[in-house]
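Student: Dropping a structure here in structure tokens format, bear with me for questions.
The values are calculated or read from the model by the stated rules, or taken from the named source; none is laboratory data. None of these values were measured; they are calculated from a predicted model. Backbone-built Cβ (ideal geometry, glycine too); neighbour counts: all protein chains shown.
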Amino acid sequence: MSIFVDAETRVVYQGLTGSQGRYYGLLNRDYGTRVVAGTNPRKAGTDVDGIPVFATVAEAVAETGATASCVFIPAAGVHGAVIEAAEGGVEFIVAITEGVPAHDEADFYNRLRRDHPHVRLLGPNCPGIISPGQCNIGITAGHIALPGGPVGIVSRSGTLTYQALYELREKGIGCTTCVGIGGDPVPGTSFIDCLAAFEADPDTKAVMMIGEIGGSAEEEAAEFIATRMTKPISAYVAGVTAPPGKKMGHAGAIVSGGKGTAAAKMDALREAGVRVGLNPTEAGELMAGIVAEL
Amino acid sequence: MDLFEYQGKQFFAQYGMPVSAGEVALTVDEAVDAAERLGTPVMVKAQVHTGGRGKAGGIKFAATLDDVRTHASDILGLDIRGHVVGRVWIEKASDIADEYYASFTLDRSAKKHLGMLSAEGGVEIETVAVENPDAIAKVWVDPVDGLDEATARDWVAAANLPEAAVEGTVDVLLKLYAAYVDGDADLVEINPLILTPEGRIHVLDAKVTLDANSVFRHEDYAAYDETQTRDERETAAHARGLQYVGLDGSVGVIANGAGLAMSTVDVVNQVGGSPANFLDIGGGANAEVMAGALEVINNDPAVRSIFINIFGGITRGEEVANGIVEALERVAIDSPIVIRLDGTNADEGRTILEPHLSDVLQMAPTMLDAARRAVELAEGREV
């Protein structure tokens, strides 16, 4: 089992005809993802390496039965693309694009909740999601993930997500689903959404969580873990030594007004019973220990 | 992007908010000329991207042109929390009957806009929040709905502003919200928002942070990019399109991905070293980007060793290794380098690097090993 996406997920790529969309769309298909369609209003009727291109998501859904969309549209067009996908009838939207204005994110987040409450958005500015062996949507290198479980991964960072997958694979530990929620101020899917889904997934026996400085998502996750999670968790929080007031690459990764420090996040997670590593390797080792005890 | 006070006021003025007439001055003479045109009395205000200006002596009242000359020469060049004052804002002085606080920012937990209004203005809002939290009236605005007048009116009532201030404040709050949303701001803050003895509401200070991701729809924001506070290293990195934050240590850090770069900085600290910077070169790690990153790090005189930490995902290990080798041919590096290469095709990548290894170009199997080695090299050079 897995969360959010599996072997049945049928994906339409918004921006499949662009260089990034084409590159990753075809890589995802090579991995085994059911890449059923692309969209581009100016290239409807053509195809990308055999994948049909439609004018809109709605048409792609009607013609191919797409259930998910992956957005590879430049930042200025992401707001329109996300709304189009939701109105077009997919139930899961993965927005990879970075550099989306925070006001756009806040707007489409709230629009989706109000008008399309059954639609889940992942991202923007995220590496995507992979249920190893079943479905890979986004920019994760599929072969670094070992299929099968028992670990679910949720992460705010791209390369640290790959690092986590890799460390687990090196130890022979598989992954049910790995969700990159992204480093932006208003992520469509939160730690808590993923933790709740992993808790409900019978094949996920433990969860690895990778956070970073900024905001209070990790603290909120800690509260959820303390009250609602029965499965063991290991975690790492990047940015222990980040200076206040400086954005560390991600728009959301900033310590401001004494809030959002890694130390506070790690303390909150520890208090919730999470095994917290001081670097990604240590978090991987802690997870190996957890898996050995299962 | 942080705006100076005067830029913030000009920004607010575009949305119809009442601000004082003023001029920016880079020299004492310019300050005096500005005051002469505006007419005394004026305020002489340091323009820096930090708070605490008043306490540091960066804001002075000038009754006469001689006062302007004295204050401007004191303030220009003043160091306020590490920010050296390079410009002052000269504006008409205002009489104050009462001071309030107003702001909008994004509440990341609620995923809505958060407006804060307080009858206790003129002091730091963090202080009010700790000492008298009930004095801050908060309103959460759904971005889809926006802020309407009825909500603004209820909000002002909740903040217990005096009757004389209500109409003017409602007006300013609606305009402040428009500026916040239409201007793609991360933060708009007025502290203080004042009531004058004549009963007018007036914006006496402006703190504005704009979302750099929104520049594609705000062509005029390029001007603000030029006045950002960056040290020399940050300016050089910014020109090369690199995500760089200057730190105080001696180990130069290059990594791909923001999370991994942050983590690399952490690990250097953990093993007892001190990182010179945070530098994220993004996913690709090609020769061009790597050469640019090495140049920026090499120009930092504090750097004693360099730690390159790359995790290959879609970008394969051999591409990364070739990028590093090519970059090193282009840039002459003064400090020893330690490379940790992992991920996709890492073995192939290491094989490519192997023949180039020496005392000054080393490779380590893990992030921790590489960090330890880089720190040892940094310290060895310092002895």
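Student: Pull up the stretch A:83-122, narrow it to residues that are among the acidic types (D, E) and away from chain B (no Cβ under 14 Å), then point me to the one that is surrounded by the fewest Cβ atoms within 10 Å (Cβ to Cβ).
Tutor: It comes out as A:E87.
Student: Okay, moving on. Looking only at the stretch B:237-264, which residues are in a loop (DSSP other than H, G, I, E, B), farther than 18 Å from B:F311 by Cβ and at pLDDT below 90?
Tutor: Result: B:R240, B:G241.
Student: In the stretch A:206-257, which residues are at the interface with chain B (Cβ under 8 Å from one of its Cβ atoms) and either more than 23 Å from the chain's Cα centre (by Cα) or free of Cβ contacts under 8 Å to residues at least 40 places away in the same chain (or both)?
Tutor: Answer for the stretch A:206-257, where residues must be at the interface with chain B (Cβ under 8 Å from one of its Cβ atoms) and either more than 23 Å from the chain's Cα centre (by Cα) or free of Cβ contacts under 8 Å to residues at least 40 places away in the same chain (or both): A:E220, A:G239, A:V240, A:T241, A:A242, A:P243, A:K246, A:K247, A:M248, A:G257.
Student: Name, by its number, the condition in (1) assigned by TED's automatic domain parsing to the domain that holds A:G211; (2) within 24 Å of A:S216 (Cα to Cα) that does not hold for A:R113.
Tutor: It fails just one condition, (1).
Student: Sticking with this structure for a sec: Please give the number of the condition B:R316 fails out of (1) more than 9 Å from chain A (Cβ to nearest Cβ); (2) more than 26 Å from B:T50 (Cα to Cα).
Tutor: For B:R316, the exception is condition (1).
Quick grid of which residues meet (1) within 14 Å of another protein chain (Cβ to nearest Cβ); (2) of a type in the set (D, E, K, R); (3) surrounded by fewer than 17 Cβ atoms within 10 Å (Cβ to Cβ):
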position: B:V48; (1), (2), (3): yes, no, no
position: B:A56; (1), (2), (3): no, no, no
position: B:A63; (1), (2), (3): no, no, yes
position: B:V84; (1), (2), (3): no, no, yes
position: B:Y100; (1), (2), (3): no, no, no
position: B:S103; (1), (2), (3): yes, no, no
position: B:S118; (1), (2), (3): no, no, no
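Student: Name the residue, out of B:E226, B:E234, that is within 21 Å of the chain's Cα centre (by Cα), surrounded by 17 or more Cβ atoms within 10 Å (Cβ to Cβ), modelled with pLDDT under 95 and charged (D, E, K, R).
Tutor: B:E234
Student: Give the stretch A:166-205 a look and list any residue that's touching a residue at least 60 places away in the same chain (Cβ under 8 Å), within 19 Å of B:G257 (Cα to Cα) and in contact with a helix residue (DSSP H, G or I) (Cβ under 7 Å, 6 or more places away or on another chain), or say none.
Tutor: A:E167, A:V179, A:G183, A:D184, A:P185
Student: Where in the stretch B:1-101 are there helices (runs of 4 or more DSSP H), lying wholly inside it, with at least 1 residues that are among the basic types (K, R) and either more than 29 Å from B:E126 (Cα to Cα) or touching a Lys or Arg at 6+ places or on another chain (Cβ under 6 Å) (or both)?
Tutor: B:28-38, B:65-75
Student: Separate question: Return yes or no: is B:T196 away from chain A (no Cβ under 12 Å), more than 15 Å from A:G249 (Cβ to Cβ) and in contact (Cβ under 8 Å) with a residue 60 or more places away in the chain?
Tutor: Yes; evaluated as a whole, the condition is true for this residue.
Let's see how each residue does on (1) within 14 Å of chain A (Cβ to nearest Cβ); (2) of a type in the set (S, T, N, Q); (3) surrounded by 14 or more Cβ atoms within 10 Å (Cβ to Cβ); (4) more than 30 Å from A:F224 (Cβ to Cβ):
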site	(1), (2), (3), (4)
B:E124	yes, no, no, yes
B:T127	yes, yes, no, yes
B:D145	yes, no, no, no
B:A165	no, no, yes, yes
B:L176	no, no, yes, yes
B:A185	yes, no, yes, yes
B:I201	no, no, yes, yes
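Student: Would you pick out the residues in the stretch B:235-270 that are more than 9 Å from chain A (Cβ to nearest Cβ) and touching a Phe, Trp or Tyr at 6+ places or on another chain (Cβ under 6 Å)?
Tutor: B:A237, B:V251, B:V253
Student: With respect to the numbered conditions (1) aromatic (F, W, Y); (2) modelled with pLDDT of 95 or more; (3) more than 24 Å from B:A185 (Cα to Cα), which one is the sole condition not fulfilled by A:Y109?
Tutor: Result: A:Y109 fails condition (3) only.
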